[in-house]
Every structure is written in C-alpha cells, then in structure tokens.
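The values are calculated or read from the model by the stated rules, or taken from the named source; none is laboratory data. Predicted model only: the values in this text are computed from it and were never measured. When we count neighbours, we look across all protein chains shown, and the Cβ atoms used for this are built from the backbone with ideal geometry, even at glycine. Surface accessibility is based on the protein's heavy atoms, side chains included, excluding ligands, DNA and RNA. Shrake-Rupley method; radii C 1.70, N 1.55, O 1.52, S 1.80 Å.
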Amino acid sequence: MNDKTVINMDKGKTFSRQNSSADQVILYHDALNSRTDFNQLEKLLQNLDEKERNCLKDLKKYLLQKEGAWLLDQQLLDFVSGLLEHRSLNPDIRVKMVRLLAAGAERQDFSTFLQMDRKNRSLLKYSNLFDELSVEEQKAVALFLCNAFSSTKGSEWVMYGSPWSLDADHETSNVRIAAKVAGFSMVSYTPSLQEYGSALIYNIALKETKALLVPKNKYTEEDLPTVQLPYSSVPNQDIMNSTDSSATQFVTLKVYNDVAAELSMAVLKYIKKT
C-alpha cells in the first residue's frame, strides 16, 4: 500500500487513511506508542524465566528495532497466548500486549504471525471474549483488528469466513468475531471505542465478498456438479444486481450475510442511542 494521508481527529489523536488501488482502509498509528507500552509491560512482567525473557526481547527487536518477521516464531506466539489466556494476571498486561500486537499489525510482514495462530486461534479466542473484557482491553482489541487491515494477508485473516470450533458445542469464524468486536464497540458508551468500532465496520465493508461464479448460460444444473467453478472476489454491486434471469449468478457464504446483518443492527442501535 502507498499514498498515505494522515487525518487529524481529536486533539492529540490521528488516524491514517492508507490508499491503494482497491482500498482506503482506516488504520490507527498515533493512538499507539510501542516504546511506552513495551516499557510498561516489562515492569509488569517481573518473574519471567529465561525463555520468556528471550520472547520479550524478540518482540522488542521486531517492534522497536524494526528487525524482521523471522523473530515472530511459535515460541513467541505461545508466550503471547499464555499472557492472554491466564485471566488471573493483571489485565494491564493484556492491554499492553494487545496494543503491541496492534502496532505490529501495521507491518506488512506481521501476517506471518497471524497465520501461525491457525492451530490454536488464541488471538481470536481472546478477541471473542470482547464483551467480558475491561474497556482498556476492548480498545486494544479493536485497534488490533483495525490495524490488521494494513496488509492484504492481514485483512484476509480478519475476513476468513470458514467456521472453526470455539469449544465442543459452538462454532465461529474470524469474520464473525471481528463483527462482534465492531458491533459491541459501536454501541459502547466510550467515545474512542465507538470510533474504533465504526472504523472496523468501514474496513470490513470495503472488502469485496468472495463468491462462486455460476455462468448459467454455459452450464445446466446437471453439468454444474462436475464443473470447476471460479471462486474469487466479486464487487458488491455485481452481487446486488444479480437476478434469477442474469447470465451469471453468485454463490456466497451465508456468514457474510449474517455479518452484514449484525453490523447493520449495531449501526441502527447506535443511531437510536444518539
């Protein structure tokens, strides 16, 4: 992405609208201070063993010294996951860690760390607890998901719609959790959270839905099961204009319809509240 424009918001706060040929996503830069957050996190984590101290050093090298993504290994992910999962820890630890993840998410190569979490999904499971978190934790999570849109792979991680098991009885998906965070943020009584929620809704709305393209004029219903149909991003306008008589129809995952409905409801609640 290129062609950055920084737009001033409230006093002392800015956000950056990054432009590419396809997107104009909203990212938050000046709402974060990695050096301050890292120093405060170090003070909160006094009883680390050697491996844990090395993980913290690697995170510092990546964020503050701008070294490469090779530092973001499984050991670091396990360390981060442990801090997020242990609810008995001081919540400020989780706040500082997630703010650091939000800063990391601004980098193009951070998507490798997100993809590494596909097995345990610790980052998303923590985000899914959004309505149970403190306000400061909520703000950190919302910033993290907003900034994940800084790269194509990061936004694909957020928008991933295939279901996965949350526990023995429930399924969810990445995009459902992002929608939950956006919706709860939007109807919050905290102004900054409302802002982050609206930015997250905006970023989600910008992404084109992936769909199966079904060329009805070329194949009969009997032919379709044996045909390899293209699955790719489709402009929303094309999907909305498609009718039963169209030459091409689009088949999308129901999850995206559900997300659209959930976010629309959050906006309506916000309008009613204000």
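Percent of alpha carbon pairs in segment 48-148 separated by more than 20 Å?
Tail fraction, whole percent: 32.
Just the accessible area per residue of segment 92-152, please: how many Å² with a 1.4 Å probe?
Value returned for segment 92-152: 32 Å² of accessible area per residue.
When only C-alpha pairs under 8 Å and at least 6 residues apart count, what is the relative contact order of segment 165-209, in percent?
Computed over segment 165-209, the figure is 26 percent.
Pairs 43/180; 57/207; 57/180; 66/153: which are spaced more than 30 Å apart, C-alpha to C-alpha?
Table pairs above 30 Å Cα-Cα are 43/180; 57/207; 57/180.
Please give me, ordered by residue number, the trypsin sites (Lys or Arg not before Pro) of segment 64-163 that lie in loop per DSSP and have at most 15 other Cβ atoms within 10 Å.
Hits after loop and neighbour filter: 66, 87, 118, 119.
With θ set to phi - 60°, apply the Karplus curve 6.51 cos²θ - 1.76 cosθ + 1.60 along segment 55-65 and write out the HN-Hα couplings as whole Hz, x wherever there is a Gly or Pro.
4, 5, 5, 5, 5, 5, 4, 5, 7, 9, 9
With a point put 7 Å past each Cα toward its Cβ, work out how far residue 205 is from residue 169 in nm, to one decimal.
Distance between label points: 3.6 nm.
Which order do the peptides 75-82, 180-187 come out in when sorted by mean C-beta neighbours inside 10 angstrom, highest first?
Highest to lowest by the protection proxy: 180-187, 75-82.
At what distance in nm do the modelled label points of residue 54 and residue 92 sit from each other, each positioned 7 Å from its Cα along Cα→Cβ?
A separation of 2.9 nm, rounded to one decimal place.
Full-extension gain between residue 64 and residue 152, please, as 0.36 nm times their residue separation minus the C-alpha to C-alpha distance.
Value of the extension gain: 29.4 nm.
For segment 123-203, what size does the Cα cloud have along each of its three principal axes, sorted from largest down, in whole Å?
Sorted largest first, the three principal extents are 35, 29, 16 Å.
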